[in-house]
1. How much accessible surface does R136 have with a 1.4 Å probe, in Å² rounded to 10?
2. Just subtract the alpha-carbon distance of W64 and A125 from 0.36 nm times their residue separation and send over the number in nm, one decimal.
3. Give me log10 I(q)/I(0) at q = 0.10, 0.11, 0.12, 0.14 Å⁻¹ for the chain, Debye formula, one equal scatterer per alpha-carbon, no solvent.
4. For an R0 of 35 angstrom, estimate the FRET efficiency from the Cβ-Cβ distance between A93 and S11 and round to the nearest 0.05.
5. If the chain between R83 and S31 were fully stretched, how many nm would it gain, using 0.36 nm times the residue separation less the Cα-Cα distance?
6. Kindly state, to the nearest 0.05, the FRET efficiency for A135 paired with V54, given R0 = 30 Å and r defined as their beta-carbon distance.
7. In vacuo Debye scattering of segment 87-154, one point per C-alpha: log10 I(q)/I(0) at q = 0.17, 0.26 Å⁻¹?
8. Quick one: Cα centre-to-centre distance for segment 41-101 and segment 22-40, in angstrom?
Amino acid sequence: MATPQQKLTISQVEARRLALSRQWLGGMRPSSDGEGLRAVLRSLRYLQLDPISVVAPSHELVVWSRLGAGAGSHLGELWWGERWLFEYWAHAAALVLTEDYPIHRVSMDGYPPKNLSLTKVWMEANEGLREHILARLAEGTPLPTDAFEDRSVR
């Protein structure tokens, strides 16, 4: 093991191999059961959630690309059953490991911001926008985003 004074050097080839193997994109695949999924998730640390799913939801595609067909079926159990994962806005909407909760707690403690004055000013200036949105939603039908007029003032 390198001491703080020693410099660890690896080649570009070794760096690529390391990156691919730690992302589970090369080498031996773990089993496609729950334990294999845990191994992959412990390396990745989170799965980004993306609302756009042309083929399948992004988190399921990531699992499929690392473990193959069927592995995604264990995701729901880890997420909802065991609570081994939870949803959080890491750098984007994501499923993160519950064991990493202390890491995310630091950023959670920053919300809501202590100084809400800018938010309050924005909300007051855009009261018409808020009323418009609530009125459209009260119609009771699903609406796409572009069904709402931009009535923002600020």
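The values are calculated or read from the model by the stated rules, or taken from the named source; none is laboratory data. The shown structure was predicted, so the numbers you read here are calculated from the model rather than taken from an experiment. Don't worry about glycine lacking a Cβ; one is built from the backbone with ideal geometry, like all the others, and counts go over all protein chains shown. Keep in mind that these areas ignore ligands, DNA and RNA; they rest on the heavy atoms of the full protein, side chains included. Shrake-Rupley method; radii C 1.70, N 1.55, O 1.52, S 1.80 Å.
1. Using a 1.4 Å probe on the heavy atoms, I get roughly 60 Å².
2. Values: separation 61, 0.36 × 61 = 21.96 nm, distance 4.64 nm.
Extending this stretch completely gives an extra 17.3 nm.
3. -0.62, -0.72, -0.80, -0.94
4. 0.45
5. Stretched out fully, the R83 to S31 stretch lengthens by 16.6 nm.
6. With a Förster radius of 30 Å, E is 0.40.
7. Relative scattering, expressed as log10 I(q)/I(0), comes to -0.87, -1.01.
8. For segment 41-101 versus segment 22-40, the Cα centre distance is 13 Å.
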